[in-house]
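Everything below concerns the one structure shown next.
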Amino acid sequence: MLVSHLSKPFVFCLSLSICSLLIVGISGCFKTPNPSSAIEGDIEISTNNKGNLCFEPLFATTVLHEQPIQIKHIKMRRLEIYNYDVPDDQSRTILTIAPIDEEYYIVEKGEKICLNTDNPNLKQRIFRPFKTQSVVVAIGGIDNKKEEYVDFHREFDYPYTPE
């Protein structure tokens, strides 16, 4: 009788250990983007007919480890505008645009993401008001093969004036 009470915790711990190893082993089978590298590229800034700022990832500028690379589209997780001059103990994020329901939003070559977008698949959140300042816009996600992180970015002065 004493042996059966002692064996229950042992069996439980053994089962928990085996399940944990299985989960870790199986999760290694699913390929995730390489965290040590990222495809980088530039962003073109413009305004649309409503006067809203628009950002287009320039696929012709993409590089991986300083070598040109071609990607078909980006699976965007977020567009973010932030200010590096904000102290470390405060949020630097001014605005984000992210997919509403899906994990990603597909951005094709030549497609622009605009502020105050009326795209039903994207949600814009403003965290602090824009003022005259130097800001960075970043469009991040993963490549079409889900192998590499992708980071398009550009620094500009707000309010934006076309060059």
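Checked against the criterion of being part of a loop (DSSP other than H, G, I, E, B), among the hydrophobic types (A, V, I, L, M, F, W, C) and buried (at least 17 other Cβ atoms within 10 Å of the Cβ), the candidates Ile94, Ile81, Ile71, Ile139 yield just one match: Ile71. When segment 111-127 is filtered for residues that are in contact with a Phe, Trp or Tyr (Cβ under 9 Å, 6 or more places away or on another chain) and open to solvent by less than 50 Å² (accessible area, probe 1.4 Å), the ones remaining, listed by number, are Ile113, Cys114, Leu115, Asn119, Leu122.
The values are calculated or read from the model by the stated rules, or taken from the named source; none is laboratory data. These numbers were taken from a predicted model, which means no experiment stands behind them. Methodologically, a virtual Cβ is constructed for each residue, glycine included, from the backbone with ideal geometry; neighbour enumeration extends over all protein chains shown. Only protein heavy atoms, including side chains, enter the accessible area calculation; ligands, DNA and RNA are left aside. Shrake-Rupley method; radii C 1.70, N 1.55, O 1.52, S 1.80 Å.
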